[in-house]
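Colleague: My questions will all concern the structure given below.
The values are calculated or read from the model by the stated rules, or taken from the named source; none is laboratory data. What you see is a predicted model, and the numbers here were worked out from it, not measured in a lab. Counting neighbours? That spans all protein chains shown, and the Cβs are built from the backbone with ideal geometry, glycine included. Please note that ligands, DNA and RNA were not included when accessible areas were found on the heavy atoms of the full protein model with its side chains. Shrake-Rupley method; radii C 1.70, N 1.55, O 1.52, S 1.80 Å.
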Amino acid sequence: TPQIKIQVVNGPPIERKIQWKNPSVAFFIGNYDLLLKDFYEINETKWDVIISDESTAISNPKAKRTKAIKQLRAKYKFALTGTPISNKLHDLWSIVDFVRPGIWGSYYQFENRYCIKDFWGSVKGYKNTDELKASLTNFMIRRRKEDVLPDLPPKLVTDVKFELSPGERELYDKMKKALKQELFGKIDEEKVFNIENALIKVLRLKQMVDHPRLVGSQLPSRKLETLKDILSPVIESDNKVIVFSQFAKMIDVLMFELGHYNPVRISGDMKAEDRNVSVKRFTEDPNIRLMLMTEAGAYGLNLQAASYVIHYDLPWSISKLVQREGRAHRIGQMKPVTVYNLIGQNTTDEYIARVILNKQKLSDEFLEDVKVVTKEDIEAMLEDE
């Protein structure tokens, strides 16, 4: 539609204010941050259509951006996402409530109707799922990648398992024992178990498996050695590789340890123009074969130049996992895509991999009764082998 004027809203506040009010523009494109920065200007208009792309960004009903987008007025609303179930079934509530406000009642009514909770209030399963599925099919169109992209090259996923060194194992077990005592040693009826807080604390174990340096130890890292063993033949064969880690500090370590490959990086602390430079170099320069990324690069980038994706650590969220791999396995990819998951045996890595599998089943089987992360999961993760 070249005859229709489009405005990508950006720049300083005074410029954005003018852009939002331009009467000759038919389509306005902005990121989710503008919902808070420019809410007054956006809300002045009664829109014909509002489209929420990557709508997992509004799956948290308590987030300010979610509350802001639901206040906007529009004749029609659409939500687009490749992963409607990110972590748990009730991720769906917020997205549906944006599209069809009130159709599933309030968030708390939805939980009471469809969620089964344990003593501590954590969701351990679901109920009335046939009813929920029937309701959802009335206003959702679902298309799988294999249905709409039959010619897309295959994706091969392999778990690469390794053993911690004796020193790492001793440090890991010591940290696990201390964490178990902290989370469960004094629980009584007056102390509420907080799953979010527990997951944050478990991150320390995850960091230790990534590299002891992240938790203040100078021990060498078996996971890093494993990564180097994988990268050497792959890059020497002129393939391009994306390595993902949840932790920006781990990306710092990898930039140093893998410096001989002349890697580029994308992380949340980078300016947009620097990110674009990294993408351009990785995509166009045949000598740049390694991209190191945090979750900041997992959305919206086209990196079909890469035919290998390595998860240095796995995210809790299935949507983040899918989005990571989708940077390379997408329209325009001409080669098969190989995915490696680096997994330390008898560590949080293995448990997170099982949780991811459960979440994948929850999404693939579509609203079946597969549990998500609960207090019991965390406790089992910290049990002695």
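Colleague: Can you tell me which of 18, 29 is open to solvent by 40 Å² or more (accessible area, probe 1.4 Å) and over 20 Å from residue 296 (Cα atoms)?
Modeller: 18 is the lone residue from the list that is open to solvent by 40 Å² or more (accessible area, probe 1.4 Å) and over 20 Å from residue 296 (Cα atoms).
Colleague: Can you name the number of the only condition in (1) on the phi < 0 side of the Ramachandran plot; (2) loosely packed, with under 14 Cβ neighbours inside 10 Å; (3) not in a strand (DSSP E or B) that residue 56 fails?
Modeller: Condition (2) is where residue 56 drops out.
Colleague: Read through the list (1) open to solvent by 80 Å² or more (accessible area, probe 1.4 Å); (2) at pLDDT 75 or above; (3) over 20 Å from residue 254 (Cβ atoms); (4) assigned to a helix (DSSP H, G or I), then give the number of the only condition that residue 213 fails.
Modeller: Answer for residue 213: the failing condition is (3).
Colleague: Has the stretch 254-266 got at least one residue that is in contact with a helix residue (DSSP H, G or I) (Cβ under 7 Å, 6 or more places away or on another chain), modelled with pLDDT under 85 and not basic (Lys, Arg)?
Modeller: No, the stretch 254-266 has no match at all.
Colleague: While we're on this one: Under the condition of being among the basic types (Lys, Arg), modelled with pLDDT of 90 or more and assigned to a loop (DSSP other than H, G, I, E, B), which residue from the stretch 69-118 is surrounded by the most Cβ atoms within 10 Å (Cβ to Cβ)?
Modeller: Of everything passing the filter in the stretch 69-118, 100 is surrounded by the most Cβ atoms within 10 Å (Cβ to Cβ).
Colleague: In this structure, is residue 283 closer than 26 Å to residue 162 by Cβ and open to solvent by 10 Å² or more (accessible area, probe 1.4 Å)?
Modeller: No, not satisfied.
Colleague: Something else about it: What's the number of the only condition in (1) open to solvent by less than 70 Å² (accessible area, probe 1.4 Å); (2) free of Cβ contacts under 8 Å to residues at least 40 places away in the same chain that residue 218 fails to meet?
Modeller: Checking residue 218 against (1) open to solvent by less than 70 Å² (accessible area, probe 1.4 Å); (2) free of Cβ contacts under 8 Å to residues at least 40 places away in the same chain, the one that fails is (1).
Colleague: While we're looking at this one, here's another question. Which residues, counting only those in the stretch 119-139, are open to solvent by 30 Å² or more (accessible area, probe 1.4 Å) and farther than 21 Å from residue 78 by Cα?
Modeller: 119, 120, 121, 124, 127, 128, 130, 131
Colleague: Checking the condition in a helix (DSSP H, G or I), surrounded by fewer than 17 Cβ atoms within 10 Å (Cβ to Cβ) and at pLDDT below 95, which residue from 238, 269, 229, 274 passes?
Modeller: 274
For every residue, the table says whether it meets (1) among the hydrophobic types (A, V, I, L, M, F, W, C); (2) open to solvent by less than 20 Å² (accessible area, probe 1.4 Å); (3) on the phi < 0 side of the Ramachandran plot; (4) modelled with pLDDT of 90 or more.
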{"site": "310", "(1), (2), (3), (4)": "yes, yes, yes, yes"}
{"site": "314", "(1), (2), (3), (4)": "yes, yes, yes, yes"}
{"site": "331", "(1), (2), (3), (4)": "yes, no, yes, no"}
{"site": "339", "(1), (2), (3), (4)": "yes, yes, yes, yes"}
{"site": "347", "(1), (2), (3), (4)": "no, yes, yes, yes"}
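Colleague: I'd like the full set of residues that are within 24 Å of residue 271 (Cα to Cα), among the small types (Gly, Ala, Ser) and assigned to a loop (DSSP other than H, G, I, E, B), limited to the stretch 287-345.
Modeller: 298, 300, 305, 306, 328
Colleague: Then there's this: Which fully enclosed helices (runs of 4 or more DSSP H) of the stretch 1-52 have 1 or more residues being more than 26 Å from the chain's Cα centre (by Cα) and free of Cβ contacts under 8 Å to residues at least 12 places away in the same chain?
Modeller: Per the criteria, 13-20, 39-43.
Colleague: Take the conditions farther than 28 Å from residue 80 by Cα and free of Cβ contacts under 8 Å to residues at least 40 places away in the same chain and apply them to residue 252. Does it pass?
Modeller: Here the answer is yes, as residue 252 does meet what is asked.
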